[in-house]
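First the structure, in the form of structure tokens, and then the observations on it.
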């Protein structure tokens, strides 16, 4: 039986926000619109709120993509009257896909997991666009360590649903007790692990940690990659 590590992608292995900022500036300027730190901060905050709504099932992916660019157009200087939010969104995702940015220490961590843990298999479990995830993984060299990629766009369901993780388990053909979810998000990663009955590691926890551990049934905490590796080895021993 393999040891299966189900890693979230963004803010766990890749710096989503760094790639997001680069891509947003490129696509806005290419379309004759202004860009600033304030515009990016507003986009980032609104985008996060929309993804939470998607996780709840209250909006669709196309609605999310349309709303986030309609909002940013209203914040920019320049003429956006003839711009199609969905087309700009497609350009944004494609641009992001070629500008992957690793979290500091991520590549070393997955390399050590592969070399120090016998039977280790690393899978990425992520919500988002497939081209974006695949492109950023490849552009950073992370693909050399990954045994499988599960993107919600391809699967038709999102984290944190149990259905998402059931599809992952079916695909890898491994029992639940051989799998552990590692991620930064309470609402998708930790809740998803809880919904699916999987062990979990909350990576770089923030806020009221004690309350979150209780509410989401979190099994382990890791502040950095060194601690994460130690936690994963402890999980195996147990």
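The values are calculated or read from the model by the stated rules, or taken from the named source; none is laboratory data. Quantities reported herein were computed from a predicted structural model and do not represent experimental measurements. Positions of Cβ are backbone-derived with ideal geometry, glycine not excepted, and every protein chain shown enters the neighbour counts.
Numerical summary
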read-out: Hits in segment 217-238 (condition: in contact with a helix residue (DSSP H, G or I) (Cβ under 9 Å, 6 or more places away or on another chain) and in a helix (DSSP H, G or I)); value: 225, 226, 228, 229, 232, 233
read-out: Residue within segment 24-47 that is out of contact with any helix residue (DSSP H, G or I) (no Cβ under 7 Å at 6 or more places or on another chain), closer than 19 Å to residue 137 by Cβ and buried (at least 19 other Cβ atoms within 10 Å of the Cβ) present; value: no
read-out: From the options 136, 121, residue that is surrounded by 21 or more Cβ atoms within 10 Å (Cβ to Cβ), in the same structural domain as residue 213 (by TED's automatic domain parsing) and more than 25 Å from residue 206 (Cα to Cα); value: 136
read-out: Selection status of residue 201, part of a helix (DSSP H, G or I) and modelled with pLDDT of 95 or more; value: no
read-out: Index of the failed condition, residue 214 passing every other in (1) touching a strand residue (DSSP E or B) at 6+ places or on another chain (Cβ under 9 Å); (2) part of a helix (DSSP H, G or I); value: (1)
read-out: Pick from segment 136-160, criterion part of a loop (DSSP other than H, G, I, E, B) and more than 15 Å from the chain's Cα centre (by Cα), ranking: farthest from residue 99 (Cα to Cα); value: 156
read-out: Which numbered condition residue 5 fails, given (1) touching a strand residue (DSSP E or B) at 6+ places or on another chain (Cβ under 6 Å); (2) farther than 18 Å from residue 137 by Cβ; value: (2)
read-out: Scope segment 23-52; condition assigned to a loop (DSSP other than H, G, I, E, B) and either touching a strand residue (DSSP E or B) at 6+ places or on another chain (Cβ under 9 Å) or farther than 17 Å from residue 84 by Cβ (or both); matching residues; value: 34, 35, 36
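Each row is one residue, and each column tells you yes or no for (1) outside the structural domain of residue 147 (by TED's automatic domain parsing); (2) assigned to a helix (DSSP H, G or I); (3) in contact with a strand residue (DSSP E or B) (Cβ under 6 Å, 6 or more places away or on another chain); (4) buried (at least 16 other Cβ atoms within 10 Å of the Cβ).
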position: 54; (1), (2), (3), (4): yes, yes, no, yes
position: 58; (1), (2), (3), (4): yes, no, no, no
position: 63; (1), (2), (3), (4): yes, yes, no, no
position: 70; (1), (2), (3), (4): yes, yes, no, no
position: 80; (1), (2), (3), (4): yes, no, no, yes
position: 88; (1), (2), (3), (4): yes, yes, no, yes
position: 125; (1), (2), (3), (4): no, no, yes, yes
